[in-house]
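The values are calculated or read from the model by the stated rules, or taken from the named source; none is laboratory data. Everything numeric in this text was worked out from a predicted model, so none of it was measured. Cβ placement follows ideal geometry from the backbone for every residue including glycine, while neighbour counts extend to all protein chains displayed.
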Amino acid sequence: MNWQTDILGHDFLACSYTAAGNDGVDRTATLVRHVPQASTEGANDSGHRPLPRRAVLFLHGWSDYFFNVELARFWTDKGFEFFALDMHNHGRSLQPDTHGGYVADLEDYDAEISKAIGIIGSLWPEQAGTPSLTLMGHSTGGLIAALYVNRHPGTAAQLVLNSPWLEMQGSSLVRRAARSMVGPLAKYRPEAVLRLPERGFYWRSISSEAEGEWTLDNKYRPPMAFPVRAGWLSAVLAGHSRVARGLGIDIPILVLLSGASENGMVWNEAMRRSDAVLDVNTIAVRAMTLGRSVTLERIDGALHDVFLSPPRVRADAYARLSRWIHGYVQDDGGNE
């Protein structure tokens, strides 16, 4: 693979590749790797540090990309090799003349995720064996990660979901109504844009251009998100329906959520300390359908991405994640 210095700086490398889905279409994805330049302790004669026995692969949400350097450093400090995937039609993988964020079937992501996992495994010497993989997903990426693990048992040893979009706001009744309305349009005009109210409140709460602390590339993470298209919404609703029927995932799962939602149509100060995107109470209930071992952590004051919350709140989130890692990730010889 042709690894190059990433947009996040010298501690990160990135490589783009194509993967063909079940429909035969080649799609571009970009794998990002955290490689701390200052981490030379224990390096071998060639100057390379030994790889840990564990790796984590992060999947971003819809209309998003990977930029959270702090999250990468957390996992690296815990003895994991950290990777993130900018999936097709997102972030570093955006291509000219394609619809940002668009996918007609969430299973179309499987090929690029599988190829990313293969690339990760190829970095380890053959005698070291395949690293133990933790798959992590945020929002729509959390839905994609859960469905992927369900379809590909044995590929991941743990699943960490950060505010996963597992159900529509309100209830399954809302989902069924939405699916019946969008279904015919998605079938005949899947790329049609749905005229929905634009809400940039979450962007406002995280971007340093507004009231947050994070530097975002607005081309990759637009303030109002990408246009919602019928085929994409239909794909998400189909994923929600699959989750509602129960996935039966047989690996440990951690779900992190805000303690409260604030989904109003006008900005209010509560959006600084709540999830302004999802109905977290509905998600909490739906999370219990994912598998046999599900840990649910509700974090007071957290935003939609709990690891983009204000410092005190995300410190709480990291502490909870750390406890879960120590409780559920076996010491398989990697560094703690």
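Residues in the range 47-84 that are of a type in the set (D, E, K, R) and either buried (at least 24 other Cβ atoms within 10 Å of the Cβ) or under 19 Å from Ile7 (Cβ atoms) (or both): 4 in all.
Of the set (1) within 29 Å of Thr295 (Cα to Cα); (2) among the polar types (S, T, N, Q); (3) crowded, with 19+ Cβ neighbours inside 10 Å, all apply to Asn263 but (3). Of the residues Ser234, Ser241, the single one that is over 22 Å from Ala284 (Cα atoms), among the polar types (S, T, N, Q) and outside any loop (DSSP other than H, G, I, E, B) is Ser234. The residues of the range 21-36 that are in contact with a helix residue (DSSP H, G or I) (Cβ under 6 Å, 6 or more places away or on another chain), more than 16 Å from Pro96 (Cα to Cα) and at pLDDT 95 or above, listed by number, are Leu31, His34.
Going by the structure shown, is Pro223 under 19 Å from the mean Cα position of the chain (by Cα), surrounded by 21 or more Cβ atoms within 10 Å (Cβ to Cβ), assigned to a loop (DSSP other than H, G, I, E, B) and not aliphatic (A, V, I, L, M)? So Pro223 does not fit the description; no. Residues that are without any contact (Cβ under 8 Å) to a residue 60 or more places away in the chain, under 27 Å from Asp305 (Cα atoms) and part of a loop (DSSP other than H, G, I, E, B) within the range 181-207 comprise Leu194, Arg195, Leu196, Glu198, Gly200, listed in sequence order. Within the range 247-272, the residues that satisfy the criterion of being small (Gly, Ala, Ser) and at pLDDT 95 or above are Ser258, Gly259, Ala260. Among the residues of this structure, Ala145 counts as one that is crowded, with 22+ Cβ neighbours inside 10 Å, in contact with a strand residue (DSSP E or B) (Cβ under 9 Å, 6 or more places away or on another chain) and under 14 Å from Trp62 (Cβ atoms).
Going through (1) assigned to a helix (DSSP H, G or I); (2) without any contact (Cβ under 8 Å) to a residue 24 or more places away in the chain; (3) within 20 Å of Thr289 (Cα to Cα) one by one, Gly141 falls short only on (2).
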